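Chemist: Mind having a look at this structure? Questions to follow.
The values are calculated or read from the model by the stated rules, or taken from the named source; none is laboratory data. The structure presented is a predicted model; accordingly, all values stated were derived computationally and were not measured. Glycine gets a Cβ as well: all are built from the backbone with ideal geometry, and neighbour counts include every protein chain shown.
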Amino acid sequence: MSSVVYGDGHELNPQELQEFYQRVAHDIGAGPEQIRRMLANSAVVVTARADGRLIGLARGIGDGVRAWFTECKLDPAYQGPAAVTRTNGRIEHDQAGIAAEMARRVLDKLFADGAQRVDVMAWGTEVDFLEELGFQRPGGLIGLTLRAEHYLATRGSPAPPEGSEDQKPAAGGHST
């Protein structure tokens, strides 16, 4: 295996990231402009490359108090023999420590920026990897997901822009 070079994401472009997601079978469901915004709005992006080719990505977002470890993807060819499902670039095995190094760089930056807590959502195959990084399962916490298409379908139409006259106060709430 060739040596791995880590980057800060500035060298990354949406097309390359889309190609990486396709290669690891991760359907992000976003176009180039959305990916560009995603990268720009991330507090930290870490890339891993072998022979110049993108083989891994880790990202985090935060507000200076709370943060989210949003993703850590590694090409299954670089995970080792225990990567069983080889789905979505999920970390199932990290034989060479590439994913752990990317994750530590993300966590270092989030905590350096003041985060008091970093949360993560994980597929079952990723839990061992995350626990090895120090993540714990807090009792009672349940992760939920809301997809844009479902939310918009239940509203009947897109929400009015912030500050528009069409905004109505929530039940018991007030317009500002």
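Chemist: Which condition does N41 not pass, out of (1) surrounded by 15 or more Cβ atoms within 10 Å (Cβ to Cβ); (2) within 21 Å of A148 (Cβ to Cβ), if it passes all the others?
Modeler: (1)
Chemist: Which pairs do you get when a residue that is assigned to a strand (DSSP E or B), found in segment 1-29, comes within reach of a residue that is loosely packed, with under 15 Cβ neighbours inside 10 Å and among the β-branched types (V, I, T), reach meaning Cβ atoms under 6 angstrom, with the pair 6+ apart or on two chains?
Modeler: none
Chemist: Could you list, in sequence order, all residues of segment 137-155 that are of a type in the set (S, T, Y) and over 19 Å from the mean Cα position of the chain (by Cα)? Explain how you work it out, then say what you get.
Modeler: In the first step, residues of segment 137-155 are kept if they are of a type in the set (S, T, Y); the result is 145, 151, 154.
Scanning segment 137-155 gives Y151, T154.
Chemist: Further question on the same structure: So which of I61, I98, I91, I35 is of a type in the set (A, V, I, L, M) and at pLDDT below 85?
Modeler: Testing whether each residue is of a type in the set (A, V, I, L, M) and at pLDDT below 85 leaves just I91.
Chemist: Still on this model: Going through segment 109-143 one residue at a time, which ones are under 26 Å from Q18 (Cα atoms), at pLDDT 90 or above and assigned to a helix (DSSP H, G or I)?
Modeler: Result: K109, L110, L130.
Chemist: Any residue at all in segment 147-159 that's within 18 Å of E71 (Cβ to Cβ) and either assigned to a loop (DSSP other than H, G, I, E, B) or at pLDDT 80 or above (or both)?
Modeler: Yes, because at least one residue in segment 147-159 is within 18 Å of E71 (Cβ to Cβ) and either assigned to a loop (DSSP other than H, G, I, E, B) or at pLDDT 80 or above (or both).
Chemist: If you go through segment 9-27 one residue at a time, do you hit one that is within 24 Å of T125 (Cα to Cα), at pLDDT 90 or above, touching a Phe, Trp or Tyr at 6+ places or on another chain (Cβ under 8 Å) and not aliphatic (A, V, I, L, M)?
Modeler: Within segment 9-27, not a single residue is within 24 Å of T125 (Cα to Cα), at pLDDT 90 or above, touching a Phe, Trp or Tyr at 6+ places or on another chain (Cβ under 8 Å) and not aliphatic (A, V, I, L, M).
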